[in-house]
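In what follows, a single structure is set out as structure tokens and then discussed.
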Amino acid sequence: MLRTALIASSLIITNTFATEDPFLWLEEVESKQALDWVKKQNDESLTHLKSQKSYQATFDNTLAILNDKERIPYAAERAGYYYNFWRDETHVRGVYRRTTFAEYQKDSPKWETVLNLDELAEQENENWVYKGMNCHYPRYQRCLLSLSRGGADATVVREFDISTKSFVKDGFSLPEAKSSISWYDENTVFVGTNFGEGSMTDSGYPGVVKLWKRGTKLESAKTVFTASKSSVSAGGYTAYDGDKTHHLIYDGTSFYTRDMYVLAKDKLVKLNLPNDASVVGLNNDKVFVQLKSPWKKFVQAEVIYTDVNSLIADKAEFISFIKPTERVSIESLRFTKSAILVTVMEDVKNKLYHYTPAKNDEWKIEQVDFPTTGSISVFNTDPDKDDFFVNYTDFLTPSSLYLVDGKSLSPKVIKSAKSHFDASKYESKQHFATSKDGTKVPYFIVHSKNLKLDGKNPTLLYGYGGFEVSMQPYYSASLGKNWLANDGVYVLSNIRGGGEYGPSWHQSAQKENRHKAFEDFEAIAEDLIARKITSPKHLGIQGGSNGGLLVGAAFTRRPDLYNAVICQVPLLDMKRFNKLLAGASWMGEYGNPDVASEWNYIKTYSPYHNLKKETDYPKVFFTTSTRDDRVHPAHARKMVAKMQGMGLEVLYFENMEGGHAGAANNEQSAMVSSLSYVYLMERLK
């Protein structure tokens, strides 16, 4: 009788949900019914978009750019070799390769193949996508190779020997899962994976951390930490400071908070740090921490440091290293043998500083000579060397890779990407729009020097606005060749929710203040129209993932402002986002829709719940991926089905592989990109 009552109760709940949401069946990712629906949508949209006259030329342009053999082969330095993962028309899945520094500096280096993914995939009849190689410091001979089927976040992990270029017999190996694995020492790893019931968090990530010794079964690995089910994830890793090692455990209690522990002599010691602070470096027995909130005498976003052993002993006395200002945020710290390299962002443009110790805990500070109008990335820093690499780019300058002398700080160009379009015809500017609450919001605009201010220019406005991710100037050959060269205008927004001005810029659009990101985006759109750069008829918007939520909210809030919307791998059903795949991990950003007071503000912008009958929406182009196991494809699927049920015309493409990136190889990337450009030209020209 009890069983009958439970079944009846479950049917009532199911039917209630079905009544509220008639498209729940599209959440069954690979059901026949759902995939048949996907194929029908794909056929209709691809037939339409690929029939456009501009499609083939756009695709050819884009694929040629992606396969360009002259593009910069970015490489990671390890034990004297420079390692690079490379894809082109010959290596569709990719090849992992290496060369020496002497060779790397040449225009056409000789590369030694370490692992050919195309050959491996053919041998094993698998659609492998490379997801990374984690090699044990300092010899870097044994590595943990992560492979994904079709681009999903879930990976298969296998131990690989660089010296023999082969998999290690009876080495560390994990079946497909969202795992966390890293080196403890040469014969032991920290491992978190799906060990069975109760081992994964509500967000679908590892919640149990174990130490697994070589030659033993995974089942016998020793548990060293267990997180709460409500945590996002937990894991372990080893931090190196010269020849010293520190074994650390983290418990990501939310997307933005974590508890940190040191594992020493089989004991866990919790570090006395604010749980929203980030450990940004370990160097010469000093641990550097960036604050996300004010703490003690220190301000929000300040970087502070202390002796690592004092921190472990809970006797730390912190010293300020660098403070942000209203217009300057601290982006990264990198450590060399004698210096600390600090990249800051001033009004969304990078500057690089070189810090060396002086007397009385003071620092000698020198600016490294790079243009201050674009984006700077520092990498391949080494605690045994003073020289380092820098990549510089901006909207109209292809990336250049520099080797910087650690003593003189003079940069030398090692490699430069070729220009794929005539940048001399265009200019980039930065403007500030005034949002609804008076906040000045920056944005970049790139257009022809001969731009006519007549409101008729096809304009693409791109946005993200979340998770403290900054949108910075960058060179895009495909954008230049396929959009700017066709009289398009490109706009990159720096709305709140991002990290352009540090954690305060992000936090000002979190949870109940999410609408401020949308208001910022609308303010930029209105500013473009007021400047007569464009008009609603010629204005399109684009965003992916959280940016997909942004443009979804944008066109449901203000359908009158836009005539084209590209909504990629989006979040759209904000009532159920926390129940789909990794969605529970994002409640720190959006709030919990199962809490009435929080759903009260989420429901005001949830795109899926704010569609209104008899409203004239633009014809939206939705894209997603069946293999996306981060943002569920049902967000886009259900939105399309609901809009079609209202008699609205939409376009939809779901790549059957590709993961959250939306594509698994260059040909797929070229196709998805080309579909977007063709759509924009059709709608905005």
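Between Glu103 and Thr615, take the C-beta separation as r, use R0 = 51 Å, and let me know the FRET efficiency to the nearest 0.05.
Calculated value: 0.25.
Taking 29 Å as the cut-off for C-alpha to C-alpha distance, list the pairs among Lys270/Lys603; Lys516/Lys612; Lys575/Lys619; Lys440/Lys537; Lys50/Lys642 that go past it.
Lys270/Lys603
What is the distance, in nm, between label points placed 7 Å from the Cα along the Cα-to-Cβ direction at Ser408 and at Asn275?
About 5.2 nm, to one decimal.
Taking the Cα centre as origin and putting +1 on Lys and Arg beta-carbons and -1 on Asp and Glu beta-carbons, what dipole magnitude results for the chain, to the nearest 20 debye?
For the chain, the charge dipole is close to 440 debye.
If you take the beta carbon distance between Asn360 and Lys449 as r and set R0 to 41 Å, what does 1/(1 + (r/R0)^6) give as a FRET efficiency, to the nearest 0.05?
0.20
Once you have the Cα-Cα distance between Ser508 and Asp170, take 0.36 nm times their residue separation minus that, and quote the gain in nm to one decimal.
116.6 nm
Assuming R0 = 45 Å, what is the FRET efficiency of Lys40 and Thr226, from their Cβ-Cβ distance, to the nearest 0.05?
That pair, Lys40 with Thr226, gives E of 0.50.
Just the number: Rg to Rh for the range 324-418, Cα atoms, Kirkwood Rh, two decimals.
The Rg/Rh ratio comes out at 0.97.
Need the list of aspartates and glutamates near Lys452 for cross-linking: C-alpha distance under 20 angstrom, and skip anything on the same chain fewer than eight residues off.
Asp422, Glu427, Asp487, Glu526, Asp527
For the chain, what relative contact order do you get, as a whole percent, if you take Cα pairs closer than 8 Å and at least 6 residues apart?
11 percent
Run the simple label-point estimate for Arg558 and Trp25 please: 7 Å along Cα→C-beta, distance reported in nm.
3.9 nm
Hey, if you put +1 on the Cβ of every Lys and Arg and -1 on every Asp and Glu Cβ in the range 324-418, which of Thr397, Ser375, Tyr355 ends up farthest toward the positive end of that dipole?
Thr397
Treating only the Cβ atoms of Lys and Arg (+1) and Asp and Glu (-1) as charged, compute the dipole magnitude of the range 6-148 about its Cα centre; round to the nearest 20 debye.
Dipole of the range 6-148, to the nearest 20 debye: 640 debye.
Scanning the chain for helices, which whole DSSP H stretches are 24 Å or more long along the axis (Cα) and average 0.0 or more by Kyte-Doolittle?
Working: long enough: 2-20 (27 Å, 0.91); 32-50 (26 Å, -1.31); 666-684 (27 Å, 0.06).
Taking the DSSP H segments of the chain (at least 24 Å long, mean hydropathy at least 0.0), we get 2-20, 666-684.
Grab the DSSP H runs of the chain that are 4 residues or longer, score each as -39,500 (n - 2.57), total them, divide by all residues and round the 222 nm result to the nearest 500 deg cm²/dmol.
-6500 deg cm²/dmol
Sticking with the crude label model, points 7 Å out along Cα→Cβ, report the distance from Gln644 to Asp594 in nm, one decimal please.
In this crude label model, Gln644 to Asp594 measures out at 3.1 nm.
Can you tell me the relative contact order of the range 350-399? Whole percent, Cα pairs under 8 Å, sequence separation 6 or more.
28 percent
For the peptides 458-465, 477-484, 288-295, what is the packing order when you average, over each peptide's residues, the other Cβ atoms within 10 Å and list the highest mean first?
On the way: 458-465: 25.1, 477-484: 22.6, 288-295: 19.0.
The densest-packed peptide leads the list: 458-465, 477-484, 288-295.
For the chain, give me every cysteine whose Cβ has no other Cys Cβ within less than 4.7 Å, ordered by residue number.
Singleton cysteines: Cys567.
Cα to Cα, under 17 Å, and not fewer than 8 places away if on the same chain: which lysines meet these conditions relative to Lys364?
Lys323, Lys337, Lys351, Lys407
Every read-out reported here was derived from the displayed coordinates using simple, explicitly stated rules and does not represent laboratory data. Owing to the predicted nature of the structure, the values given are computational and were not obtained by experimental measurement. In this analysis, Cβ positions are derived from the backbone assuming ideal geometry, glycine residues included, and neighbour counts consider all displayed protein chains.
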